[in-house]
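To start, the structure itself, in structure tokens.
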There are 2 protein chains.
Amino acid sequence: MTGRNRRPIPPGGVGLVVSAGKRIEGLKMTDARKYSIALVQMHMGADPEENFAAAMRHVREAAQMGAKIVCLPELFRTQYFCQREDLRLFDLAEPIPGPSTEKLSALARDLRVAIVASLFERRAPGLYHNTAVTLNAEGQIAGIYRKMHIPDDPLYYEKYYFTPGDLGFQAVDTAVGRVGTLVCWDQWYPEGARLTALKGAEVLFYPTAIGWHPAEKDEFGEAQYDAWRTIQRAHAIANGVYVAAVNRVGMEHGDILGNRAPGQGIEFWGGSFLADPFGRIVAKAGHDGEEILLGEIDVALIEETRRNWPFLRDRRVDAYAPISQRFLDTTDTPTPSKERK
Amino acid sequence: MTGRNRRPIPPGGVGLVVSAGKRIEGLKMTDARKYSIALVQMHMGADPEENFAAAMRHVREAAQMGAKIVCLPELFRTQYFCQREDLRLFDLAEPIPGPSTEKLSALARDLRVAIVASLFERRAPGLYHNTAVTLNAEGQIAGIYRKMHIPDDPLYYEKYYFTPGDLGFQAVDTAVGRVGTLVCWDQWYPEGARLTALKGAEVLFYPTAIGWHPAEKDEFGEAQYDAWRTIQRAHAIANGVYVAAVNRVGMEHGDILGNRAPGQGIEFWGGSFLADPFGRIVAKAGHDGEEILLGEIDVALIEETRRNWPFLRDRRVDAYAPISQRFLDTTDTPTPSKERK
């Protein structure tokens, strides 16, 4: 049934006609590409230029390790500044293309690697986005993605800073493979993962800034990290794709050159990981320090997994349209169930 | 911020303004209902009438334990017969309403419990469905759901037996709460969970028949069970609802009164569980035996979780329409990303 007989679960349960554990040779995989990606889990300090220089060094190290695509964490140029609402912090934003993409572009071209970089985009006066840029190995902007789902919560005042994205969900081609980028809060939405996978992405990158509040880490910390990991592993399973979550690490008070947010700060929990198309964690960083996590994308495993778990075959595309509604209130929803009532 | 300060993860990360561990009294929850549900994990033998009688007994036991809604496994009247394609097995099907719903209806009325029962429905000559019936505590059919996603795989020849459902995704009111039912293979589709939750379900029931192939259990068994549990826990997290997976247990050869399927059979893995709206497993059955798993639905926890993880607030309903397409091939898909290319 499968190339390597890494047979996950069959439809509705488990069945196997071939013997397990036996590799089936001679099965024609249409695509046998493999490539390495790197997830840069890093700590950010108070000086944006120093963070940027550190990120450039990490990308260089990752390339030396063999990575062909390197993903940086969300808004890696600065500490997570959204812990408060401060007009002055819009000064951190920059156009795309702009100073950061120019330097990263030169680096990408120099190293012959693709880079996924999350930036605070200034699109027009008063119009800002939380944007991920994918630079290809020629140093060109292969695609930009503007964070679609914007959170807002005490200490996470993102709706103040970022206009929700208007480019939809995307996948872009790099020299080694087709990948999609989503950003942080997007990771809680199965729709975003599905749409990006349907665009042909082999890997979903999630540059992220997520952590523990010091006062609740003991009680809720483990469950919080577990929920975060679980829903992203589920995106891998549902879509038969790799999922790469790339988080920052360390305690922050949103310090931008001495402009700090009040409060106890946030302990960004690291724990970056790569899940394979079966949802298995194949690489995982720790919770305490900087780390360059290297993982291999085996494109044949995507096809193999999807042959064995043919979820894409059986989607009920005729029945999903109501997903575009906010809520299916029983009083005003003309849906198939109504026919019976 | 929250009723009991069981604060999961806030948008984009973790932030808390109130002290953790301190219950916030006086917060008005709109709905403080609590009710018990029972998940009947059972073994099936060769005699359908014996299985049915056993199921009736289990429902009675569950009601005595305090359950107000009792869910039986997928196609609990028989062993899992879809291990082969056999014309004679369509004789197992019955109309709805029909003999089984009549008996279950009387039982529900007698015990004052709702019952979720998965049946092989004969809708018309040559037209059959894999259908879940929800009977309310008055013994009425509160709703029927016809399995929307139908698998087909060696030993799981469901497309031979079951026409895909045409009633869409639904939630129905019972005396204690509003619940939704999906069936087995549906559990791999985030769309089904989302649409059922958007219809107001507090609990998603998944009557299931899933297990290990004996030859691959050692190598893949743990990962298979983990993937199954992970994707369903993710439905709980994404939607802020309870998820109840109700599986059969034990080795089967699809034996229907001596008509057995060839092959090594399937070891149905049990492991039924209830996950709370944060995706935490709050009740779990073993993998080896029959079990009536009792769990409490705390409706306030749904609201509390959704206030803290306001995913429903931020859904990009303007951007999800392409989910109704089979695949978003780059050559023929007019999507926002095209605008930039």
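The values are calculated or read from the model by the stated rules, or taken from the named source; none is laboratory data. Since we're looking at a predicted model, the values are computed, not measured. A quick note on method: Cβ atoms are made from the backbone with ideal geometry, for glycine too, and the neighbour counts reach across all protein chains shown. All accessible areas refer to the heavy atoms of the entire protein, side chains included, with ligands and DNA or RNA removed. Shrake-Rupley method; radii C 1.70, N 1.55, O 1.52, S 1.80 Å.
Computed from backbone phi, the HN-Hα couplings of the stretch A:76-86 come to 5, 5, 9, 4, 6, 7, 6, 5, 8, 9, 9 Hz, rounded to whole numbers (Karplus: 6.51 cos²θ - 1.76 cosθ + 1.60, θ = phi - 60°; Gly and Pro given as x). Cut-off 10 angstrom, C-alpha nodes, Gaussian network model of chain B. Which of B:N136, B:N259, B:N239 fluctuates the most? Residue with maximal mean-square fluctuation among B:N136, B:N259, B:N239: B:N259. In terms of overall dimensions, the stretch B:34-340 has a Cα radius of gyration and Dmax of 19.3, 64 angstrom. The phi torsions of the stretch B:134-142, fed into the Karplus equation with coefficients 6.51, -1.76 and 1.60 and a -60° offset, translate into couplings of 10, 9, 8, 5, 8, x, 8, 6, 7 Hz, rounded to whole numbers, with Gly and Pro shown as x.
For chain A, the 222 nm mean residue ellipticity estimated from helices alone, with every DSSP H stretch of n ≥ 4 adding -39500 (n - 2.57) and the total spread over all residues, rounds to -7000 deg cm²/dmol.
With 25 Å as the limit on Cα-Cα distance, the pairs of B:K103/B:K147; A:K217/A:K284; A:K68/A:K199; B:K68/B:K217; A:K68/B:K217 that go past it are B:K68/B:K217; A:K68/B:K217.
Inter-copy label distances for B:D318: 3.2 nm (label point placed 7 Å from Cα along Cα→Cβ; shortest first). Relative to the globular-protein estimate of 2.2 N^0.38 Å, the Cα radius of gyration of the protein assembly as shown stands at 0.96. Apolar share of the accessible surface for the protein assembly as shown: 50 percent from carbon plus sulfur atoms, 1.4 Å probe. Annotation: amide H of A:D47 within the under-5 Å range of A:L257, sequence separation 5 or more or interchain, hydrogens built in the peptide plane. In the elastic network of chain A, a GNM with C-alpha springs shorter than 10 Å, the most mobile of A:R77, A:R88, A:R178 is A:R88. Chain A packed on chain B takes about 8700 Å² of accessible surface away from a 1.4 Å probe, both sides summed. Counting only protein chain heavy atoms and rolling a 1.4 Å probe, the accessible areas of B:T181, B:T30 rank, largest first, as B:T30, B:T181. Taking amide hydrogens as placed 1.01 Å from N in the peptide plane, the amide H of A:F205 sits under 5 Å from those of A:G180, A:T181, A:L182, A:A244, each at least 5 positions away in sequence or on another chain.
For the stretch A:34-340, the per residue solvent-accessible surface stands at 31 Å², with DNA, RNA and ligands left out and a 1.4 Å probe. Separation of the stretch B:149-219 from the stretch A:104-147 is 41 Å, based on Cα centroids. Need the list of aspartates and glutamates near A:K34 for cross-linking: C-alpha distance under 12 angstrom, and skip anything on the same chain fewer than eight residues off. Here the aspartates and glutamates satisfying the reach criterion relative to A:K34 are A:E202, A:E296, A:D298. Taking B:A124, B:A261, B:A132 as the candidate residues, the one with maximal mean-square fluctuation in a Gaussian network model of chain B, Cα springs under 10 Å, is B:A124. Taking amide H positions as modeled 1.01 Å from N, with prolines and chain starts lacking one, the residues under 5 Å from A:S272 and 5 or more places away or on another chain are A:N247, A:A285. With label points defined 7 Å past Cα in the direction of Cβ, position B:G66 shows copy-to-copy spacings of 5.7 nm, given to one decimal and shortest first. Along the stretch A:280-290 the Karplus relation, 6.51 cos²θ - 1.76 cosθ + 1.60 evaluated at θ = phi - 60°, assigns HN-Hα couplings of 6, 6, 9, 7, 8, 8, x, 9, 10, x, 6 Hz to successive residues, with x for each Gly and Pro.
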